[in-house]
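The values are calculated or read from the model by the stated rules, or taken from the named source; none is laboratory data. Just so it is clear, the structure is predicted and the values come from calculations on it, not from any experiment. When we count neighbours, we look across all protein chains shown, and the Cβ atoms used for this are built from the backbone with ideal geometry, even at glycine. Note: accessible area is taken over every heavy atom of the protein model, side chains too, but ligands, DNA and RNA are not part of it. Shrake-Rupley method; radii C 1.70, N 1.55, O 1.52, S 1.80 Å.
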Amino acid sequence: MKFICLVYAEPDALSRLTAHERAALDRDSLAYDQDLEKAGHFLAASALQSVTTARSVRVRQGKPLVVDGPFAETKEVLCGFIFIEAADGDEALRIAQGIPMARHGTIEVRPELDIG
C-alpha cells in the first residue's frame, strides 16, 4: 500500500532552530530518506517553501478564484511530504515516527486512494 506522510509545523518552527540544529535536521532528513529507499519504502519526498509563497485556487460555477496563502486557519502549516510504500497502516505509522520533522511538528499519515 502507498501512504503519504504530510509534514506539518508552525510557520516559524524552523527559524527558531540554530544553524547547527537546522543543519542536523537537514542531514537527518536526507539520511532517513536514504534509509527508507534502501528498505524499499521510499517513493518520493520534498520540502515546501514558506506558506507565504502559497496560493489557493477554487473553481466555482466555472470561474476560478485565486487567493494568496492557504484558507485554513491553523497553527501548523504543510511544509513537506514523504510518499512511502508500506505493508499496512501500522507499518506506515512506524515509518512516520522516524521522520526527523516529527520532533518539531506533526506527521499526518494517509493511505493513497486507488481510483482505478
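Summary table
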{"read-out": "Top-ranked residue of the stretch 80-116 - restricted to ones that are within 10 Å of the chain's Cα centre (by Cα) and in a strand (DSSP E or B), ranked as surrounded by the most Cβ atoms within 10 Å (Cβ to Cβ)", "value": "I82"}
{"read-out": "Boolean, D68 is within 20 Å of G105 (Cα to Cα), of a type in the set (D, E) and out of contact with any Pro (no Cβ under 8 Å at 6 or more places or on another chain)", "value": "no"}
{"read-out": "Strands (runs of 3 or more DSSP E) (entirely within the stretch 1-79) containing at least 2 residues that are at pLDDT 85 or above, open to solvent by less than 60 Å² (accessible area, probe 1.4 Å) and of a type in the set (G, A, S)", "value": "42-47"}
{"read-out": "Meets criteria (within 20 Å of C5 (Cβ to Cβ) and more than 14 Å from the chain's Cα centre (by Cα)) for E76", "value": "no"}
